[in-house]
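Peer 1: What follows is a structure written as structure tokens; I'll ask about it next.
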Amino acid sequence: MSTKTMKQWVIKKFTGSFDCLEQTNVPIPEAGENEVLVKFDAVSLNYRDLIIPLGTYPFPSKEPPVPTSDGAGVVVDVGSKVTQFKKGDHVVTMFFQGHQFGDINPVSHKTALGGFLDGCLQEYGAFNEQGLVHAPKNYSSVESSTITCAALTSWNSLYGLKPLKPGQTVLVQGTGGVSIFGLQFAKAAGATIIATTSSAAKGEKLKQLGADHVINYREDKNWGETARKLTPGGFGVDHVLEVGGPGTLEQSFKCVKMEGVINIIGAVGGAGSEAQPQVIDTLTNVCTVRGIQIGSKALMLDMIRAIEANNIRPVVDDKLFTLDEAREAYQYMWDQKHFGKLVIRI
């Protein structure tokens, strides 16, 4: 057992308040024979990280967990049987430590960092070498910390089931990490991008990032039909990155193309109307509705190659928090003050 200590955040109880986040001092872990010890430089937050302490996350978690799944840092020690990494390597965590390739299954689903397993909101972490990847060569640690969940979810949406083709149309919702990565990946592939937002200022930023069309969903309640009219022949959108959930799903059905895909990623849009789309709507709209749970290591390696080849840079909020300010970072993101990914420096 190491005698040196480190700072670590834990969720003491799922109380419905960020006050349940508590910083402690614990021994620095040691790398087992198949493990890599990482000194974290940066961690990014996802919507999932906010709702776990609030007690509204739909999947179980260990108690008390070290929160967050998305961490980037430097290898400071390796176990005797580690072959993929060496000291000094820059690495990024995998969300599902056990999802290496192919379809996710109930076993690998229980290897999620920041929930079933301790996460990254700490100064050091020991991980099986299978649960890490080399960071993109063109990224800083702050940038690398953004790709574990949001970027891979976007990539899986566009390439995990029915790969995006040049000339197709993609609709992204809002300005969170998943949507912005989706915009960037789709633009690099030669797609037309329709983006929705409630803010004129954010709409201008979306255009600067490459959005071909921006719809203000507060001003246009029937934005799904508007989006359809913007597609060739009015046939509809090939890929929808659906992050709003019940609050936006009805409009996603209105804009999706026959044989298109609605990728269900989150539910940040609230409850929505009482009349929700039904399973039978996938038949009447001739489309696929697919739930996304991040992605495999194989998909992540494909994504990193695309990031490096196209020099796709993540959009990081201007405000960076320190490890001691983690609770404030959670509140800042909950108040939707961020644009793109919100990062905590370790």
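Peer 1: Would you confirm, using the coordinates I've provided, whether T153 is closer than 21 Å to V75 by Cα, buried (at least 24 other Cβ atoms within 10 Å of the Cβ), at pLDDT 95 or above and polar (S, T, N, Q)? Steps first, answer last, please.
Peer 2: Values: closer than 21 Å to V75 by Cα: no; buried (at least 24 other Cβ atoms within 10 Å of the Cβ): yes; at pLDDT 95 or above: yes; polar (S, T, N, Q): yes.
Spelling it out, it is not the case that T153 is closer than 21 Å to V75 by Cα, buried (at least 24 other Cβ atoms within 10 Å of the Cβ), at pLDDT 95 or above and polar (S, T, N, Q).
Peer 1: Would a scan of the range 122-142 turn up a residue that is hydroxyl-bearing (S, T, Y), over 18 Å from S69 (Cβ atoms) and buried (at least 24 other Cβ atoms within 10 Å of the Cβ)? Outline the logic, then answer.
Peer 2: Filtering the range 122-142 for residues hydroxyl-bearing (S, T, Y) gives 124, 139-141.
Imposing the further condition that a residue be over 18 Å from S69 (Cβ atoms) reduces the set to 140.
Right, trim to buried (at least 24 other Cβ atoms within 10 Å of the Cβ) and you get none.
So far as the range 122-142 goes, no, none of its residues is hydroxyl-bearing (S, T, Y), over 18 Å from S69 (Cβ atoms) and buried (at least 24 other Cβ atoms within 10 Å of the Cβ).
Peer 1: Within the range 181-224, work out how many residues are surrounded by 15 or more Cβ atoms within 10 Å (Cβ to Cβ) and in a helix (DSSP H, G or I).
Peer 2: 15
Residue by residue, here is whether (1) at positive phi; (2) in contact with an Asp or Glu (Cβ under 7 Å, 6 or more places away or on another chain); (3) in the same structural domain as I312 (by TED's automatic domain parsing); (4) not polar (S, T, N, Q) holds:
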| residue | (1), (2), (3), (4) |
| --- | --- |
| I180 | no, no, no, yes |
| G190 | yes, no, no, yes |
| T197 | no, no, no, no |
| G210 | yes, no, no, yes |
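Peer 1: Across the range 156-179, which residue is surrounded by the most Cβ atoms within 10 Å (Cβ to Cβ) among those that are part of a helix (DSSP H, G or I) and more than 10 Å from the chain's Cα centre (by Cα)? If you could, list the steps in order and put the result at the bottom.
Peer 2: Restricting attention to the range 156-179, the residues satisfying the condition of being part of a helix (DSSP H, G or I) are 156-159, 177-179.
This time we only want the ones that are more than 10 Å from the chain's Cα centre (by Cα), so: 156-159.
On the way: N156: 21, S157: 31, L158: 25, Y159: 18.
Out of the qualifying residues, it is S157.
Peer 1: Determine whether L171 is of a type in the set (A, V, I, L, M, F, W, C) and touching a helix residue (DSSP H, G or I) at 6+ places or on another chain (Cβ under 7 Å). First the steps, then the outcome.
Peer 2: Numbers: of a type in the set (A, V, I, L, M, F, W, C): yes; touching a helix residue (DSSP H, G or I) at 6+ places or on another chain (Cβ under 7 Å): yes.
Considered against the rule, which asks whether it is of a type in the set (A, V, I, L, M, F, W, C) and touching a helix residue (DSSP H, G or I) at 6+ places or on another chain (Cβ under 7 Å), L171 comes out as yes.
Peer 1: Can you name every residue in the range 214-242 that is of a type in the set (A, V, I, L, M, F, W, C) and closer than 26 Å to L161 by Cβ? Even if it seems obvious, please write down each step before you answer.
Peer 2: Going through the range 214-242, the residues of a type in the set (A, V, I, L, M, F, W, C) turn out to be 214-215, 223, 227, 230, 235, 237, 240-241.
Once the filter is applied, which keeps residues that are of a type in the set (A, V, I, L, M, F, W, C) and closer than 26 Å to L161 by Cβ, the range 214-242 yields I215, W223, A227, L230, F235, V237, V240, L241.
Peer 1: So, one more: Which residues, counting only those in the range 262-287, are polar (S, T, N, Q), at pLDDT below 95 and surrounded by 12 or more Cβ atoms within 10 Å (Cβ to Cβ)? Talk me through it step by step, then tell me what you get.
Peer 2: We begin by selecting, within the range 262-287, every residue polar (S, T, N, Q); these are 263, 273, 276, 278, 282, 284-285.
Remaining after also requiring at pLDDT below 95: 273, 276, 278, 282, 284-285.
Scanning the range 262-287 gives Q276, T282, N285.
Peer 1: Then there's this: Of (1) closer than 19 Å to Q8 by Cα; (2) surrounded by 16 or more Cβ atoms within 10 Å (Cβ to Cβ), H90 satisfies all except one. Which?
Peer 2: Evaluating H90 over (1) closer than 19 Å to Q8 by Cα; (2) surrounded by 16 or more Cβ atoms within 10 Å (Cβ to Cβ) leaves (1) as the failure.
Peer 1: Another question, if that's okay. Tally time: how many residues in the range 47-70 are farther than 17 Å from W334 by Cα and without any contact (Cβ under 8 Å) to a residue 40 or more places away in the chain?
Peer 2: 1
Peer 1: Sticking with this one: Go through the range 24-133 and tell me which strands (runs of 3 or more DSSP E), entirely inside it, have 1 or more residues that are of a type in the set (D, E, K, R) and in the same structural domain as E328 (by TED's automatic domain parsing). I'd like the intermediate steps shown before the answer.
Peer 2: Values: elements: 35-45, 70-78, 90-93, 124-128.
Those strands (runs of 3 or more DSSP E) span 35-45, 70-78.
Peer 1: Taking the conditions exactly as written (in contact (Cβ under 8 Å) with a residue 60 or more places away in the chain, in contact with a Pro (Cβ under 9 Å, 6 or more places away or on another chain), at negative phi and surrounded by 15 or more Cβ atoms within 10 Å (Cβ to Cβ)), does S44 satisfy them or not?
Peer 2: Working: in contact (Cβ under 8 Å) with a residue 60 or more places away in the chain: yes; in contact with a Pro (Cβ under 9 Å, 6 or more places away or on another chain): yes; at negative phi: yes; surrounded by 15 or more Cβ atoms within 10 Å (Cβ to Cβ): yes.
The answer is yes for S44.
Peer 1: Further question: What number goes with the only condition from (1) more than 23 Å from M300 (Cα to Cα); (2) at pLDDT 95 or above; (3) under 23 Å from the mean Cα position of the chain (by Cα); (4) not acidic (D, E) that L241 does not pass?
Peer 2: (1)
Peer 1: Looking at the range 306-322, can you tell me whether even one residue there is surrounded by 14 or more Cβ atoms within 10 Å (Cβ to Cβ), farther than 21 Å from A151 by Cα and in contact with a helix residue (DSSP H, G or I) (Cβ under 7 Å, 6 or more places away or on another chain)?
Peer 2: No, every residue in the range 306-322 fails to be surrounded by 14 or more Cβ atoms within 10 Å (Cβ to Cβ), farther than 21 Å from A151 by Cα and in contact with a helix residue (DSSP H, G or I) (Cβ under 7 Å, 6 or more places away or on another chain).
The values are calculated or read from the model by the stated rules, or taken from the named source; none is laboratory data. In this text, all values refer to a predicted model and were calculated from it rather than measured experimentally. Every residue, glycine among them, receives a Cβ derived from its backbone with ideal geometry; neighbour counts consider all protein chains shown.
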